[in-house]
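Only one structure is covered here, and it is reproduced in the block below.
The values are calculated or read from the model by the stated rules, or taken from the named source; none is laboratory data. The structure displayed is predicted, hence computed values, not measured ones. Here the Cβ positions follow ideal geometry from the backbone for every residue, glycine too, while neighbour counts run over all protein chains shown. With ligands, DNA and RNA removed, areas are computed over all heavy atoms of the protein, side chains included. Shrake-Rupley method; radii C 1.70, N 1.55, O 1.52, S 1.80 Å.
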Amino acid sequence: MTQFFADIAPITYQGPETTNALAFRHYNPDEVVLGKRMEDHLRFAVAYWHSFAWEGGDPFGGQTFERPWHPQDQMDRAKIKADAAFEMFDILGQPYFCWHDADIRPEGADFSESLRNFEEIIDYFLAKMETRKTKLLWGTANMFSHRRWMSGASTNPDPDVFAYSAATVKTCMDATHKMGGENYVLWGGREGYETLLNTDLGRELDHMGRFLNMVVEYKHKIGFKGTILVEPKPQEPSKHQYDFDAATCIGFLRKYGLEGEVKLNLEQGHAILAGHSFEHEVAVAAADGMLGSIDMNRNDYQSGWDTDQFPNNVPEVALTYYHILRAGGLGKGGTNFDAKLRRQSLDAEDLIAAHVGGMDICARGLKAAAAMVEDGGLDTALRERYAGWDSNDAQEMLNSDFDAIFAGVLSGQINPQPKSGRQEILENYVNRFV
Ligand code: XUL
Ligand code: CO
């Protein structure tokens, strides 16, 4: 036992009326929603990097947190960090967590020392997981922090960096497989450019496409059954990132023959940076059967940065889960809190409260979404809006050609009559549930 969370008891569901700041008001894991336990719908995960590796820095100032596992450059302290992390998973009843290699192990003097550190920590995790419910939702490689990746990983102009990246991803896939991880994620941290003046964009995309094909080939070689996911983001840290948004990623996956193999891990804050709503990104992925998992957070709408805050907006979250439910749920994916505390939130209690609040907001959103699905009002509205397409004439038109359509319109049989889109009525409808 570390003393980090010493005074904090396991969080329990106490219902919407409780005044206890560290209790669930809405997240009731065993409550059945649309025939499935809430925990099995939401599949919450803790993001190791924000909750345990991030030290409270921002572009204007360094570390504000003082944790028992700082500084994070020694193996004994990596284990103290792991002890605290698993204590938090127990307190919250977390079903999943996610890591980057660099979050969990100290960087070694060279590749092989980093790998030895990584493997030692993976075994340390595995021993803890034997007696716990918490599983690995996904693993990933941090190929954006160290200076070797300043010009990208698989898109780096230097083939040696491509090689180092391939070796790194291999070790992270091996570890994810060993831990029974349910997915493997690739977020293109610096897979993009700062200026086109020094960038061969077409060549870099080809290298990224080949790299992702190697990931898929290796998945099959080792018998990893999890889903490979890519995570769109339009910019930050690069000025422009190749995995700009869901639609761009889908086009990329098709171009490189990966559409049956790779799905998307969508993040709320990244959607905002791309000028989309989160439900837009979910709906785009779902329409192509490529919805994999979600990173749940929020951005500050005034700052224009990827602020990675814990979610607190029920209507936004409800519409996201509505589209997830309509797409058949998250499957092997989950709801990963890719969110960090504010740098003034120094205490262990802040970290617990942030997750409790995030889990409650998601539970409220899920319940509201499920109520809308059950009520069917939005489905009815869609059916009515597109009812014209149910007719034989409309379906036959899709199989005809411009000349046939032209003849029908010219004869005067077709004369469109505009109908209301009923947007305000539908917004009022949603407000009944959130
Ligand atoms: C960065 C981001 C990453 C990925 C994993 O914005 O979202 O944390 O989720 O590399
Ligand atoms: Co993310």
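Between E107 and R203, what FRET efficiency follows from the Cβ-Cβ distance if R0 is 45 Å, with the result rounded to 0.05? Present the calculation step by step, with values, prior to reporting the outcome.
Details: r = 30 Å, r/R0 = 0.66.
Step by step, r from the Cβ atoms, then E = 0.90.
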In a Gaussian network model of the chain with springs linking alpha carbons closer than 10 Å, the residue among Q309, Q63, Q413 that fluctuates most is Q413
Distance (nanometres) between label positions extended 7 Å along Cα→Cβ at L410 and E259: 3.6 nm
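In the chain, what percentage of the DSSP-assigned beta bridges are antiparallel, given to the nearest 5? Kindly include the intermediate steps, with their values, before the conclusion.
On the way: 6 of 34 bridges.
If we restrict to bridges inside the chain, about 20 percent are antiparallel.
Where does the chain land at 222 nm, in deg cm²/dmol rounded to the nearest 500, when only DSSP H runs of n ≥ 4 count, each adding -39500 (n - 2.57), divided by all residues?
Calculated from helices alone, the mean residue ellipticity at 222 nm is -14000 deg cm²/dmol.
I need to check one value: relative contact order of region 115-171, counting alpha carbon pairs closer than 8 Å and at least 6 residues apart, in percent. Don't jump to the answer; show the numbers that get you there.
Values: 25 pairs, mean separation 13.4, N = 57.
Contact order relative to length: 23 percent.
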Tilt of helix 348-375 relative to the longest C-alpha principal axis of the chain, in degrees (0 to 90, nearest 10)? 20 degrees
Potential lengthening between D90 and L398 on full extension [0.36 nm per residue; Cα-Cα distance subtracted]: 105.3 nm
Tell me the trypsin sites (Lys or Arg not before Pro) within region 213-269 that lie in a loop according to DSSP and have at most 16 other beta-carbon atoms within 10 Å. K225, K239
Can you tell which of L196, L325, L92 shows the greatest fluctuation in a Gaussian network model of the chain with Cα springs below 10 Å? L196
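Compute the length gained on full extension between D76 and R132: take 0.36 nm times their separation in residues and subtract their Cα-Cα distance, giving the result in nm to one decimal. Write out the running numbers ahead of the final one.
On the way: separation 56, 0.36 × 56 = 20.16 nm, distance 2.19 nm.
The D76-R132 span can extend by a further 18.0 nm.
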Give me the base-10 log of I(q)/I(0) for region 113-233 at each q in 0.12, 0.13, 0.23 Å⁻¹, Debye formula, one uniform scatterer per Cα, rounded to two decimals. -0.47, -0.55, -1.38
Label point distance in nm, D288-A6, each placed 7 Å from Cα along Cα→Cβ: 5.3 nm
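May I ask you to give the percent of accessible area on region 388-431 that is carbon plus sulfur, with a probe radius of 1.4 Å? Before the final figure, lay out the partial values.
On the way: 2180 of 4010 Å².
That share works out to 54 percent.
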Members of K36/K225; K79/K233; K128/K263 lying beyond 26 Å, as alpha-carbon distances in this model show: K79/K233; K128/K263
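Averaged per residue, what accessible area in Å² does the chain show with a 1.4 Å probe, protein chains only?
Working: 20550 Å² over 434 residues.
Each residue of the chain exposes 47 Å² on average to a 1.4 Å probe.
What's the carbon and sulfur percent of region 203-330's accessible surface, probe 1.4 angstrom, rounded to a whole number?
Values: 2460 of 4880 Å².
Ligands and nucleic acids excluded, carbon and sulfur reach 50 percent.
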Note: the chain, point scatterers on Cα, Debye, no solvent; log10 I/I(0) at q = 0.06, 0.09, 0.11, 0.13 Å⁻¹ equals -0.28, -0.61, -0.89, -1.20
Simple label model, 7 Å out from Cα along Cβ direction - E55 to H240, nm: 3.5 nm
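For region 4-137, what is the relative contact order in percent, using Cα pairs closer than 8 Å and at least 6 residues apart in sequence?
Numbers: 158 pairs, mean separation 31.1, N = 134.
Result for region 4-137 is 23 percent.
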